[in-house]
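Q: Below: one structure in structure tokens.
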Amino acid sequence: MVAVRSSLYLLFLFVTVVVFSVPLSVVGWVLPQTVLGRIGRLWAGMNLAALRAICGLNYRVTGLDNLRHEPCVVLCKHQSAWETIALRFLLSPIQTWVLKRELLWVPFFGWGIAPYRPIAIDRSAGRRAIRQVLEEGTQALKQGRSVVIFPEGTRVPPGQRGRYGLGGALLAEKSGFPVLPIAHNAGVFWRRRDLRKYPGVVEVVIGEPLAIEGLGAAQINQRVEAWIEGVVASLPNQRTERVETERGAGPP
């Protein structure tokens, strides 16, 4: 049954990506960022609602009061594709994401995200990629857009951790904007390279914004990593047989 439900959701996901991305690829470039943000949030909310209705996968958020209205550098744990949907819904609609440039080449999906002007980097470019993040990220922050970064760079299974890159911490240090750390256990229910989405409740914890005055990039990175990994370790990292009934903070 999990496989059937997951297949139905994937069909829903594909249809919404096509329906949203085709017009965005044409007119998205001339739309204000506020309008683009609302469209992205609508798409994400529809998919979170579909995950709940079709797959029985919901979420619960702790620390909503820590969300900032002013721009910040968002550093989030990366376990799954789930958080790429959820962050679009939970955070301020005005966002800029750091992502690998190959994603822009994916039919429909890449066409739809291009008008949002992500910071698309060549991950093999080394220092040149870091400079790009610093330059374009600082510009986005000054324009009022939060910058979302997965410091591990790739999805990491529950119970494991990847190396935290310095890009996000360097951006915070150089720009002077605060860091917002986010931890979750989405990989328990939506695994990397697995089409199945298991029922349950994803726990999301939004930390207090980290003031970076007087801290170097290495110190910022260490504090963020310690907080995120400490919180993730306290969250369930295995599914239970009993499906949770609490609906949490699902989309309206």
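The values are calculated or read from the model by the stated rules, or taken from the named source; none is laboratory data. Since the structure is predicted, the reported quantities are computational estimates derived from the model, not experimental observations. Reconstructed Cβ throughout: ideal geometry from the backbone, glycine too, with neighbour counts over all protein chains shown.
Q: Looking at segment 45-90 only, could you name the residues that are part of a helix (DSSP H, G or I), in contact (Cβ under 8 Å) with a residue 60 or more places away in the chain and under 15 Å from the mean Cα position of the chain (by Cα)?
A: GLY45, LEU48, TRP82, GLU83, ALA86, LEU87, PHE89, LEU90
Q: Return the residue satisfying two criteria in turn: it lies in segment 170-187 and is in contact with a strand residue (DSSP E or B) (Cβ under 9 Å, 6 or more places away or on another chain) and surrounded by fewer than 22 Cβ atoms within 10 Å (Cβ to Cβ), and of such residues it is farthest from ALA226 (Cα to Cα).
A: Among them, the one singled out is SER175.
Q: Then there's this: Taking THR34 and the conditions (1) in contact (Cβ under 8 Å) with a residue 60 or more places away in the chain; (2) surrounded by 14 or more Cβ atoms within 10 Å (Cβ to Cβ); (3) under 19 Å from the mean Cα position of the chain (by Cα), which numbered condition does it fall short on, given that it satisfies the others?
A: (2)
Q: Just checking, how many residues over segment 114-135 are assigned to a helix (DSSP H, G or I) and in contact (Cβ under 8 Å) with a residue 24 or more places away in the chain?
A: So the count comes out to 8.
Q: Picking from ILE220, ILE212, ILE182, which residue would you name as being in contact (Cβ under 8 Å) with a residue 12 or more places away in the chain, within 20 Å of the chain's Cα centre (by Cα) and more than 23 Å from CYS55 (Cβ to Cβ)?
A: Answer to the selection: ILE220.
Q: Read through the list (1) of a type in the set (S, T, N, Q); (2) within 21 Å of VAL224 (Cα to Cα); (3) touching a Cys at 6+ places or on another chain (Cβ under 7 Å), then give the number of the only condition that SER6 fails.
A: Of everything listed in (1) of a type in the set (S, T, N, Q); (2) within 21 Å of VAL224 (Cα to Cα); (3) touching a Cys at 6+ places or on another chain (Cβ under 7 Å), SER6 misses just condition (2).
Q: Then there is this: Scan segment 91-111 for residues that are in contact (Cβ under 8 Å) with a residue 40 or more places away in the chain and touching a Phe, Trp or Tyr at 6+ places or on another chain (Cβ under 9 Å) and report the count.
A: Number satisfying all stated conditions: 5.
Q: Are there any strands (runs of 3 or more DSSP E) wholly within segment 137-224 with 3 or more residues that are modelled with pLDDT of 95 or more and farther than 15 Å from PRO236 by Cα, and if so which?
A: Counting at least 3 such residues, we get 146-149, 179-184.
Q: Taking PRO23 and the conditions (1) under 16 Å from the mean Cα position of the chain (by Cα); (2) farther than 21 Å from SER146 by Cα; (3) in a helix (DSSP H, G or I), which numbered condition does it fall short on, given that it satisfies the others?
A: Result: PRO23 fails condition (1) only.
Q: Further question: Name every residue in segment 69-84 that is among the charged types (D, E, K, R) and surrounded by fewer than 16 Cβ atoms within 10 Å (Cβ to Cβ), in order of residue number.
A: Residue satisfying the conditions is GLU70 alone.
Per-residue answers, yes or no, for (1) within 22 Å of GLY200 (Cα to Cα); (2) hydroxyl-bearing (Ser, Thr, Tyr):
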site	(1), (2)
MET1	yes, no
LEU8	yes, no
PRO32	no, no
LEU51	yes, no
ILE54	yes, no
TYR59	yes, yes
PRO71	no, no
GLU83	yes, no
ARG88	yes, no
